[in-house]
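Asks: Pasting a structure below so you can have a look.
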Amino acid sequence: MNRWAFKVLWRNLIVFKKTWLTNMTFYFIEPLLYLSAMGLGLGAFIGEINGTSYVQFIAPGIIASSAMWAAASESTYGSFVKMHYQKIYHAMVAAPLSIEEVVAGEILYAAFKAVIYGSIILLVITAFGLVASPWALLTPLVLVLAGFVFALLGMIWTGLVPNIDTFSFFFTLVVTPMFLFSGVFFPIDNLPGFVQIAAWFLPLFHVVVLLRSLVFGEIGLYLLTHVGILILTIVILFPFPQRLMRKRLGI
């Protein structure tokens, strides 16, 4: 990660400046629909979970899932279109940039979108009175970790798939199970033991735990375990997208 990677980020931000309204509207409306339908609709039948209303319970999970979808979408469909159809990656590596710097810049951009979209949802739930603690101000820091994790996963998949249609496997087999079994909509405590164990291998689970703790003000040293797992995931995954992209582009 060097200044040339940030140059790639800057190039993407210039493009984003022209399309931000269209992009943000989509990622802004969908979480609100989940929050309204699941929180206000289904929540009327469920009552309280751990002493909080259902809509308040799922609100931090909506922040986490919004960040996940933003980073995953940008690092898969967004990156593949730039690489395969627009040949932007080829143009960049023809200039004084390495493929490692291009991929690092793309990961930075996907993480940036995760932070922006997640922070917007935080502002919305704050306006609805669903944030109980000033610790929620640390939410963007967690979103940075989430953005990097899901951007890396997406870029790895982008380096492997033969065509754009294959991304449906990534979202069906990887992203959607995380969305459903990471504690966004219900506590995983009542699920079978093997599901609870499996949840610890899902990055979104750790993001949800961290954000829910910050929003509710339930702070403890145990949170460092979840932070450590996310950082370790980033360190382990980081080399793979560069290697796969270098092989894919034949550089």
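The values are calculated or read from the model by the stated rules, or taken from the named source; none is laboratory data. Please read all numbers here as calculations on a predicted model, not as lab measurements. Cβ atoms come from the backbone with ideal geometry, glycine included; neighbour counts cover every protein chain shown. Keep in mind that these areas ignore ligands, DNA and RNA; they rest on the heavy atoms of the full protein, side chains included. Shrake-Rupley method; radii C 1.70, N 1.55, O 1.52, S 1.80 Å.
Asks: Exactly one condition in (1) in a helix (DSSP H, G or I); (2) open to solvent by less than 10 Å² (accessible area, probe 1.4 Å); (3) not polar (S, T, N, Q) is false for residue 184; which is it?
Replies: Exception for residue 184: condition (1).
Asks: Now for a different question. Would you please name the residue that is most open to solvent (accessible area, probe 1.4 Å), looking only at residues in the stretch 1-40 that are closer than 17 Å to residue 124 by Cβ and more than 20 Å from the chain's Cα centre (by Cα)?
Replies: Top of the filtered list is 40.
Asks: What are the pairs with Cβ atoms under 7 angstrom where one residue, in the stretch 216-234, is more than 16 Å from residue 201 (Cα to Cα) and the other, located anywhere, is in a loop (DSSP other than H, G, I, E, B)? Sequence gap at least six, or different chains.
Replies: Close Cβ pairs satisfying both conditions: 216/132; 216/133; 217/132; 217/133.
Asks: Cβ-Cβ under 6 Å, sequence separation 6+ or interchain: first residue in the stretch 1-30 and at pLDDT 85 or above and in a helix (DSSP H, G or I), partner among the aliphatic types (A, V, I, L, M) and open to solvent by less than 60 Å² (accessible area, probe 1.4 Å). Which pairs?
Replies: 5/104; 8/102; 9/108
Asks: Output the residues belonging to the stretch 187-208 that are under 14 Å from the mean Cα position of the chain (by Cα), aliphatic (A, V, I, L, M) and in a helix (DSSP H, G or I).
Replies: 204, 207, 208, listed by residue number.
Asks: I would also like to ask the following. So in the stretch 121-135, with the set limited to residues that are more than 14 Å from residue 211 (Cα to Cα) and part of a helix (DSSP H, G or I), which one is least open to solvent (accessible area, probe 1.4 Å)?
Replies: The first filter runs over the stretch 121-135 and keeps only residues more than 14 Å from residue 211 (Cα to Cα), leaving 124, 127-129.
Those left that are additionally part of a helix (DSSP H, G or I): 124, 127.
Details: 124: 21, 127: 88 Å².
Across the stretch 121-135, the extreme among qualifying residues is 124.
Asks: Something else now. Quick one: is residue 61 free of Cβ contacts under 8 Å to residues at least 24 places away in the same chain, part of a helix (DSSP H, G or I) and in contact with a Ser or Thr (Cβ under 9 Å, 6 or more places away or on another chain)?
Replies: When the stated conditions are applied, residue 61 does not pass them.
Asks: So, in the stretch 94-104, how many residues would count as being among the aliphatic types (A, V, I, L, M) and open to solvent by 40 Å² or more (accessible area, probe 1.4 Å)?
Replies: So the count comes out to 2.
Asks: Inside the stretch 142-176, can you point out the residues that are of a type outside the set (S, T, N, Q), assigned to a helix (DSSP H, G or I) and out of contact with any helix residue (DSSP H, G or I) (no Cβ under 9 Å at 6 or more places or on another chain)? Walk me through it before giving the result.
Replies: Applying the first criterion (of a type outside the set (S, T, N, Q)) to the stretch 142-176 yields 142-157, 159-162, 164-165, 167, 169-171, 173-175.
Filter again for assigned to a helix (DSSP H, G or I), leaving 142-157, 159-160, 164-165, 167, 169-171, 173-175.
Listed by number, the residues that qualify are 165, 173.
Asks: Can you find a residue in the stretch 70-93 that is of a type in the set (D, E, K, R), open to solvent by less than 60 Å² (accessible area, probe 1.4 Å) and within 24 Å of residue 230 (Cα to Cα)?
Replies: First pass over the stretch 70-93, keeping only residues of a type in the set (D, E, K, R): 74, 82, 87.
Filter once more, keeping what is open to solvent by less than 60 Å² (accessible area, probe 1.4 Å): 74, 82.
Still in the list and also within 24 Å of residue 230 (Cα to Cα): 74.
Yes, that holds for at least one residue.
Asks: Additional query: I'd like to know if the stretch 153-167 contains one or more residues that are touching a residue at least 60 places away in the same chain (Cβ under 8 Å) and under 22 Å from residue 55 (Cα atoms).
Replies: For the stretch 153-167, residues touching a residue at least 60 places away in the same chain (Cβ under 8 Å) and under 22 Å from residue 55 (Cα atoms): absent.
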